[in-house]
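Here's the structure, in structure tokens; my notes come after.
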Amino acid sequence: MTADVADVVIIGGGLEGCAAAWALTRRGITDITIVERDTVGSGGTGKSSGVVRCHYGVSSLAAMATRSLETFENAEDVLGADVGFHRTGYVVGVGPENVDALHASVADQRAVGVRTEDIDHTDVRKLWPVADLEPFAAFAWEERGGYGDAYQTAQAFAGAARRAGARLRQGITATGIRTSGDRVTGVDLADGTAIATGHVVLAAGPWSVGLLAAHGIELPITPHREQIVLVDPGQELGPVPVFSDLVSLQYIRPEGAGTLLFGNSDLSVLEPADPDRYSNQASTSFVDLTVEKVGDRLPGLADPAIAGSYAGCYDVTPDFNPVISRAPLAGLVVAAGFSGHGYKISPAVGRLVADLVTDGTSSDADIPARDFRLSRFAEGDLLRSPHPYVGAGQMR
Ligand SMILES: Cc1cc2nc3c(=O)[nH]c(=O)nc-3n(C[C@H](O)[C@H](O)[C@H](O)COP(=O)(O)OP(=O)(O)OC[C@H]3O[C@@H](n4cnc5c(N)ncnc54)[C@H](O)[C@@H]3O)c2cc1C
């Protein structure tokens with residue numbers, strides 16, 4: 001049997017693996033095979049809330065998010081497919097203890113090109129008339145924020161990559177990364193075959209850990225179960241924007257026809273989970289907590305009712321930021337550990353992975369490859385916001 005060969009093998013057909021394939025094809029590298037054990041978007045991607053905002057204290061992440069907006073906004077032209085992006089706008093509100101951090105963060109965001117502005121209670125009342133805004137001390141607004149459909153986006157990246165020549169192999173598990181000395185030479189597959197290659201992109205979400213551990217490389221990821229609750233507001237709300245409520249530590253966005261999606265922003269306690277076996281429903285206590293938070297934040301709703309729930313898995317690193325990095329094996333790039341915020345930056349992740357494969361470093365001065373290096377954990381030099389929010393430091 002003729003050996004299968006590719007210039008690049010991507011392990012994992014989630015958002016980040018498919019984004020990497022797309023970005024590589026745009027650099028002219030088209031001899032790519034994506035190996036996906038199930039189907040495209042079947043991992044964390046399929047559960048994503050898809051919130052799009054650039055509000056990050058870490059400048060490189062703000063830069064990645066703002067660069068990515070152009071792809072979401074022009075998906076039909078850039079990817080040749082709709083990604084379900086709704087430009088609703090994005091508002092973030094904080095309590096008095098976080099006003100200085102918000103202003104400092106917004107200033108840094110503007111420095112890397114984010115279009116964001118301060119708005120006041122009167123402005124937010126117009127956007128969210130049913131909300132109690134009393135506990136908030138400051139807000140920031142992004143007109144270009146909103147949400148997209150992560151599943152559709154992964155399919156769009158994969159489709160664009162395939163049209164450019166990339167191959168997608170679904171329903172086949174990568175069982176190992178082959179090496180010779182400290183160089184990558186191929187990928188072993190569950191059916192006993194292998195693909196010979198000099199470049200592997202490991203984008204298998206929380207499942208990346210074992211494939212690296214086999215080579216003595218530690219990837220510190222904790223899979224964490226994250227619960228989502230859907231609420232029928234019981235009334236027509238009109239076009240409300242995404243609301244990041246950093247007082248009650250929740251986010252709210254419209255979902256489909258008239259429903260609201262409530263997500264959790266309190267990651268102070270993780271719920272470690274097996275990403276292959278976890279409950280796909282919110283617990284009673286989480287639903288109760290959501291009911292309480294909805295009542296506090298949206299007291300103007302006349303007759304809200306729980307419309308459903310589900311759960312997904314975050315792949316959380318010690319600093320809640322991803323690893324997008326060359327690894328100790330030559331020819332290997334890791335893109336994993338997106339810690340629950342990998343949707344909004346996915347187009348830029350693809351570009352950074354393509355940079356690392358082709359040049360070994362980032363082509364964007366605002367997005368230093370160093371920030372996302374794997375070795376930062378061993379060095380104790382974590383990627384943290386210089387303007388952390390009290391009580392809600394993670395992810396922002
Ligand atoms: C509930 C929830 C809400 C979220 N909300 C947001 C949000 O609002 N905004 C935001 O920016 N981000 C959000 N995220 C995060 C974002 O969706 C993820 O960061 C992103 O989808 C991760 O993509 P991925 O490609 O790294 O991982 P995955 O989607 O998990 O893809 C990894 C793929 O690898 C495959 N795989 C695993 N092992 C192997 C193997 N050995 N061989 C072959 N294939 C393999 C899996 O089947 C899977 O398809 C959310 C995530 C969740 C779970």
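Worth a mention:
- Check on Phe338, open to solvent by 10 Å² or more (accessible area, probe 1.4 Å), within 20 Å of Ala392 (Cα to Cα), of a type in the set (A, V, I, L, M, F, W, C) and not assigned by TED's automatic domain parsing to the domain that holds Gln109: yes
- Note on region 296-346: residues that are within 14 Å of the ligand (Cβ to nearest atom) and part of a loop (DSSP other than H, G, I, E, B) total 13.
- Residue that is farthest from Tyr389 (Cα to Cα), among those in region 147-192 that are within 12 Å of the ligand (Cβ to nearest atom), part of a loop (DSSP other than H, G, I, E, B) and among the aliphatic types (A, V, I, L, M): Ala190
- When Pro386, Pro328 are checked against the criterion of being surrounded by fewer than 20 Cβ atoms within 10 Å (Cβ to Cβ) and either aromatic (Phe, Trp, Tyr) or farther than 23 Å from Ile34 by Cα (or both), Pro386 stands alone in meeting it.
- Just one of the listed residues (Arg253, Arg183, Arg277) is of a type in the set (Lys, Arg), outside the structural domain of Gly41 (by TED's automatic domain parsing) and surrounded by fewer than 21 Cβ atoms within 10 Å (Cβ to Cβ), and it is Arg277.
- Pair list, Cβ under 6 Å, 6 or more apart: region 357-385 residue under 21 Å from Ala21 (Cα atoms), other residue among the charged types (D, E, K, R) and part of a loop (DSSP other than H, G, I, E, B): Thr358/Arg27
- In region 112-130 there is at least one residue matching the filter, namely being free of Cβ contacts under 8 Å to residues at least 24 places away in the same chain and either hydroxyl-bearing (Ser, Thr, Tyr) or assigned to a loop (DSSP other than H, G, I, E, B) (or both).
- Residues being away from the ligand (no atom under 13 Å from the Cβ) and without any contact (Cβ under 8 Å) to a residue 12 or more places away in the chain - total across region 260-295: 8
- Residues of region 80-106 satisfying the condition of being surrounded by 23 or more Cβ atoms within 10 Å (Cβ to Cβ) and under 19 Å from the mean Cα position of the chain (by Cα): Val83, Tyr90, Val91, Val92
- Subset of region 249-259 (residues that are farther than 20 Å from Thr45 by Cβ, within 16 Å of the ligand (Cβ to nearest atom) and in a loop (DSSP other than H, G, I, E, B)): Leu249
- Only one entry in Gly238, Gly234 is on the phi > 0 side of the Ramachandran plot, in contact with a Leu (Cβ under 7 Å, 6 or more places away or on another chain) and more than 12 Å from the ligand (Cβ to nearest atom), namely Gly234.
- Condition met for Gly205 (within 11 Å of the ligand (Cβ to nearest atom), in contact with a strand residue (DSSP E or B) (Cβ under 6 Å, 6 or more places away or on another chain) and modelled with pLDDT of 95 or more): yes
- Checklist (1) within 14 Å of the ligand (Cβ to nearest atom); (2) in the same structural domain as Phe372 (by TED's automatic domain parsing); (3) touching a residue at least 12 places away in the same chain (Cβ under 8 Å) applied to Ala196, failing item: (1)
- Note on region 24-37: among residues that are more than 18 Å from Gly205 (Cβ to Cβ) and of a type outside the set (Lys, Arg), the one that is farthest from the ligand (Cβ to nearest atom) is Gly28.
- Asp371 within 16 Å of the ligand (Cβ to nearest atom), among the acidic types (Asp, Glu) and either open to solvent by less than 10 Å² (accessible area, probe 1.4 Å) or within 20 Å of the chain's Cα centre (by Cα) (or both): no
- Selected residue (only one of Glu218, Glu226, Glu236 is of a type in the set (D, E, K, R) and open to solvent by less than 20 Å² (accessible area, probe 1.4 Å)): Glu226
- Any hit, region 133-146, residues being part of a strand (DSSP E or B), open to solvent by 10 Å² or more (accessible area, probe 1.4 Å), within 11 Å of the ligand (Cβ to nearest atom) and over 22 Å from Pro322 (Cβ atoms): no
- Of all residues in region 186-212, those being of a type in the set (A, V, I, L, M, F, W, C), within 16 Å of Ala330 (Cα to Cα) and surrounded by fewer than 19 Cβ atoms within 10 Å (Cβ to Cβ) number 1.
The values are calculated or read from the model by the stated rules, or taken from the named source; none is laboratory data. Just so we're clear, the structure is a prediction, and the values are computed from it rather than from any experiment. Because the Cβ atoms are built from the backbone with ideal geometry, glycine has one as well, and the counts that use them run over all protein chains shown. What goes into the accessible areas is simple: the full protein's heavy atoms, side chains included, and nothing from ligands, DNA or RNA. Shrake-Rupley method; radii C 1.70, N 1.55, O 1.52, S 1.80 Å.
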